[in-house]
1. Under the rule of -39500 (n - 2.57) per DSSP H run of 4 or more residues, summed and divided by the residues of chain B, what mean residue ellipticity at 222 nm is obtained, to the nearest 500 deg cm²/dmol?
2. So which residues of the stretch B:252-297 lose at least 50 Å² of accessible area, probe 1.4 Å, when you go from the chain by itself to every protein chain present?
3. List the extent of the Cα atoms of the stretch A:27-82 along each of their three principal axes, largest first, rounded to whole Å.
4. Using modelled amide H (1.01 Å from N, peptide plane; none on Pro or chain starts), what sits under 5 Å from the amide H of B:ASN41, excluding residues fewer than 5 places away?
5. How big is the dipole moment of chain B about its Cα centre under a simple scheme where the beta carbon of each Lys and Arg is +1, that of each Asp and Glu is -1, and everything else is neutral? Debye, nearest 20, please.
6. Treating the beta-carbon of each Lys and Arg as +1 and of each Asp and Glu as -1, no other charges, what is the dipole magnitude of chain A about its Cα centre, to the nearest 20 debye?
7. Starting from the amide H of B:THR19, placed 1.01 Å from N in the peptide plane, find each other amide H under 5 Å away whose residue is 5 or more places distant or on another chain.
8. Using θ = phi - 60° and the Karplus form 6.51 cos²θ - 1.76 cosθ + 1.60, what ³J(HN,Hα) does each residue of the stretch A:84-89 get, whole Hz, x for Gly and Pro?
Amino acid sequence: MVTEKDVQHIAELADVGVSAGELENFTFQFNAILEYFDILDRVEGSGEITRDLYNVLREDEAEPSLPQEEVLRNAPAREDGFIKAPRVM
Amino acid sequence: MPAQTITFEPDDKYNAFLTVCNKPAHTTGKLAGIAVAVKDNISTTGIETTCASKILKGYIPPYDAHAVALLKQAGAAIAGKTNMDEFGMGTTTENSAFGPTLNPCDTGRVPGGSSGGSAAAIAAGMVRMALGTDTGGSIRCPAAFCGIVGLKPSYGRVSRYGLIAYANSLEQIGPMGKTVSDVSTLMGVIAGHDRHDSTSQNKPYDHMPKADIRGLKIGIPEEYFGKGVDPQVSAVVKKAIGRLEELGASTVPCSIPSMEYALAAYYVTCTCEASSNLARFDGVRYGPAADTKKSWHDAYQEVRSAAFGTEVRRRIMLGTFALSSGYYGKYYAKAQIARENVRNDFQRIFRDVDVIAGPTMPTIAFKLKEKSDPLSMYLADILTVPANLAGIPAISVPCGTSEGMPVGLQIMGRHFEDERIVDVAYAYEQAVN
């Protein structure tokens, strides 16, 4: 059972925000969905998954890339050829 | 350089397109001058690509998705970008930030989703073929609801490079069209290896559909005709399977016990992947401007709460919760075991049969706003998600009507045997037309 406080906390963690008006409905729907997910408690199996897989990473060598102007074009805030972001610290 | 252009001015009464290209250029090739529509979560150089979300309004990709580059090489004219559920999250196309698409067969009903715009554009005759994407049924559901053909390719067969990711381990770009031949032709253009997608396999598709299915063994899973499936839809699909028997195929009853928890495994997996994939939408590199004077956390939250729709935020939160400390073992880890059990069930059945057949969707197209509760909408995906969990190919082909609305016959095959399910769909289509 998740509470409105839990949903508020998850919304904070995920940075998606939840308004006071949405909280009750989100919490109600969450509980219905999570109750349905409880069916997974019945799943049996080892969880050991073996596959014949290999890495496909290439050598770390520079290759031609998009010009700077192209890359920056969609950024809403730019300064001196850089993307401007909110402060992190 | 492109040699020619076509004129494309559709009368889009159904809100199938988010962007229309009126004078698309094209070159020569297998698809020379054919107007092909592209779902709006597939990147197209110079053409706005929004995923039907306000958070990507105005975003102009600087590169083409690999599948789009291959379309252009084959001479196709990119006719426009089609409507969808925001980021592919939905089964009706009602979750678009730019209004729902209507079903051309009945405008009071949804076209299905999430590739509803692509399906409606084909069903209404605006384009002959289109690209869709299928994470849990998003090509096959709208194909079934609108009465067209849609193929979810085997995982790894079509490059995902340039597809704006929602749930990487499940999704594939795939062809949609009016006929099986068109779908097969389009598949031939987009399949093959691409070094920009690390899950891409070197399995090109070079195939002409064949209508001979004599001796074919078809598995009929009891779960596809059980609880929750509309008896009228079941009856239409059973009749279609009877038709395949008349063509020389035989049927074998089978069972997929893991279906019991397949849907839960699917929704846990896709929401977990979405919570990570959609973290990139921050209003910094693209999208509505984040307030750079605020702290990162506040600015980020402000942009995302305003620009993501309700269903997208719900899925990001569900995924964040399922991956959080203390719950990971209960949800994500269990879902991966369940997923492996689904794969094993299919492998076991495919030792005895060549393909598996059943309905694509448990019902006909819903009325607009009929599925207002999220869980009831999720439950509608029960017959399509198993193929995504297992990575196997699946096709939906129209097989009749119920209450005047189209019903889809779904055919699933072994991994990388896309050709075989295309042949079965083709045999059926040729027999009834």
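The values are calculated or read from the model by the stated rules, or taken from the named source; none is laboratory data. Computed from a predicted structure; not experimentally measured. Counting neighbours? That spans all protein chains shown, and the Cβs are built from the backbone with ideal geometry, glycine included. The accessibility values were calculated without ligands, DNA or RNA, using every heavy atom of the protein model including side chains. Shrake-Rupley method; radii C 1.70, N 1.55, O 1.52, S 1.80 Å.
1. Numbers: 12 runs with 137 residues, N = 433.
Estimated from H runs of four or more residues: -9500 deg cm²/dmol.
2. B:GLU260, B:TYR261, B:ALA264, B:VAL284, B:ARG285, B:THR292, B:TRP296
3. Cα spread of the stretch A:27-82 along its principal axes, largest to smallest: 55, 41, 12 Å.
4. B:CYS51
5. 480
6. Dipole about the Cα centre, nearest 20: 280 debye.
7. Under 5 Å from the amide H of B:THR19: B:LYS81.
8. 8, 10, x, 6, 8, 9
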